[in-house]
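Below you'll find the structure, written out as structure tokens, and then a few comments.
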There are 2 protein chains.
Amino acid sequence: MSTWTTTGWQSTDVAERRPPELRREAILDAAIRLVARKGFAAVTLRDVAGEVGVAHGLLRHYFASRDQLLASAFDRAVAAELATTCDLDGDPRVALASWLAATPREYYLVWIDAWSEAPRNAALLTALTRHHLACERRLLTIIERGVHDLAFETTSPGDTARILTALADGLAVQHHALGVIDGGEYDGLVYTQAERLLALPPGSLASAARRASAVALKRGEWLAG
Amino acid sequence: MSTWTTTGWQSTDVAERRPPELRREAILDAAIRLVARKGFAAVTLRDVAGEVGVAHGLLRHYFASRDQLLASAFDRAVAAELATTCDLDGDPRVALASWLAATPREYYLVWIDAWSEAPRNAALLTALTRHHLACERRLLTIIERGVHDLAFETTSPGDTARILTALADGLAVQHHALGVIDGGEYDGLVYTQAERLLALPPGSLASAARRASAVALKRGEWLAG
DNA sequence: GGTATCGTTGTCCGCATGGACAATAGAGTA
DNA sequence: TACTCTATTGTCCATGCGGACAACGATACC
């Protein structure tokens, strides 16, 4: 660091040089953390720089603009979430319970914020739609495997996946954004409906969830750093 | 209107004086229209003043701050929506179909934006929660009347109301924010699930919806002005 | 007619923002 | 050592924001 004084440029501090890729990822992680806290619209470049501990001018070295930085941050978070394997090969009931389990709060707040921003941000809409369909597709795969194994029973796996996705989103709004239901109510309602839609015995998903809890916890890791 | 020049204050235009209550309502309507278009965070006082056609300084005459203006605007929209009667006294099937019918786009965009803003804005959270519970309560009333009339059948009216509310919200996100389903798919899925949850014959809600269409259209009026 | 009230205006201020940019320092290389 | 490359810094700028405010004008009341 250096400062302009009447006597010229003087060194006041030492720049902490970092490997570019690590720095870039640190910036993106800080950005998505701030989005979870303040919303896309309220995050400023100075906020992000402060969170990382660098000068705000540096962000321009890594990203062409604020919009591109935020879109990249969301994209990275999405990719990290998609990368978490969901134990697709075990008991379909366990996989289903794991898919349905309440997603961590910070994660859903970003999600809800992206919903509200998407109609006005084409890049965000693209990433959001891709991720939404990937989640739904993953659920559909679980359902189809359960049907094949005779564990589930449904006339339309596609509709069932779509309905369960919508139900999970709607209940997540009630839980995370409004606070009118707690995590236990969320799980209870979503498991009960999934059991009804897939002809499962009542309570079977709650017990499957106990075996799936380790997997469910893994879904929150990308925000922890 | 008057302008400061080197020769002093000179009149350049005539102020359009209005009854204060009408002006106040015009400002609130303009504000909520802009929120639907740009989101809460992006609406500025100058935007609102431009939409109404007044100087931005005037807004301070009616509202203490930008935050209070936006909270009042949301509150007015909420009150207008709650005031639309939903034909609670006729056939419960018609009332249910009317409740479930896809809400106008502009309305839901405000709604979704409020979800994302609520965790950071206590006044908004209060208004939003009140409205959410009022909507759910209205649905619960319809369901209880249908059960009493032997038109519906459910073991837990409260859970059913909560689940249908969540499903409608989640599907509205898929429809309005993401665009992955159209209005017809929205109606079809939501009607099918309501029929399943309330032991109604398949297709009965779609036909009830035809009788309820006039009521459903009325729900969008507050944004038309 | 005079005067108080208040709806309305344009301007000013402090501040924050996104972006541009020259200066700097450290690492690699010849 | 000298030279290049690039990661990093602090400062500067135009813009736009929310808010404060004095001036004006229409209306109502005395």
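Overview of results
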item	result
The stretch A:61-205 shape via C-alpha gyration tensor axes, a/c threshold 1.5	prolate
FRET efficiency, A:Thr126 to A:Ala199 (Cβ-Cβ, R0 41 Å, nearest 0.05)	0.65
For A:Pro20, label point 7 Å along C-beta direction: distances to other copies, nm	6.3
Simple Cβ-charge dipole of chain A, Lys/Arg +1 and Asp/Glu -1, about Cα centre, in debye nearest 20	540
For B:158-166, mean number of other protein chain Cβ atoms within 10 Å	5
Contour excess over end-to-end distance, with Cα ends at B:Glu185 and B:Glu21 and 0.36 nm allotted per residue	54.8 nm
Computed FRET value (nearest 0.05) for B:Ala64 with B:Thr84, which takes r as the C-beta separation and R₀ as 30 Å	0.55
Listed residues A:Pro201, A:Pro19, A:Pro104, most fluctuating in chain A (Gaussian network, C-alpha, under 10 Å)	A:Pro19
Full-stretch length increase - B:Asp149, B:Asp91 - with 0.36 nm per residue and alpha-carbon distance subtracted	19.9 nm
Relative contact order (%) - criterion: Cα under 8 Å, at least six apart; region: chain A	23
Copies compared at B:Ala55 - label distances in nm, ascending, label defined 7 Å from Cα in the Cβ direction	4.3
Fluctuation leader among A:Arg33, A:Arg23, A:Arg93 - chain A, Gaussian network, Cα springs under 10 angstrom	A:Arg23
Residue-count net charge about B:Pro201 - beta-carbon cut-off 13 Å; Lys, Arg +1, Asp, Glu -1	0
Most mobile of A:Ala151, A:Ala102, A:Ala64 in a GNM of chain A (Cα contacts under 10 Å)	A:Ala64
Lys, Arg +1 and Asp, Glu -1 on Cβ, resulting dipole of the stretch B:71-138 about Cα centre, debye, nearest 20	160
Nm distances between copies for B:Arg210, ranked from closest, using label points 7 Å along Cα→Cβ	5.2
Whether the protein assembly as shown is rounded, prolate or oblate, judged on the alpha carbon gyration tensor where a/c under 1.5 counts as rounded	oblate
Positive-end residue, chain B charge dipole about Cα centroid, Cβ charges, pick of B:Phe40, B:Leu189, B:Ala77	B:Phe40
Residue mean of other protein chain beta carbons inside 10 Å, B:109-122	6
Calculated [θ] (222 nm, deg cm²/dmol) that DSSP helices of n ≥ 4 give over chain A, each run adding -39,500 (n - 2.57)	-21000 deg cm²/dmol
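We did not get these values from a lab; they are worked out from the coordinates using the rules stated. Please read these numbers as outputs of a predicted model, since none were measured by experiment. Backbone-built Cβ (ideal geometry, glycine too); neighbour counts: all protein chains shown.
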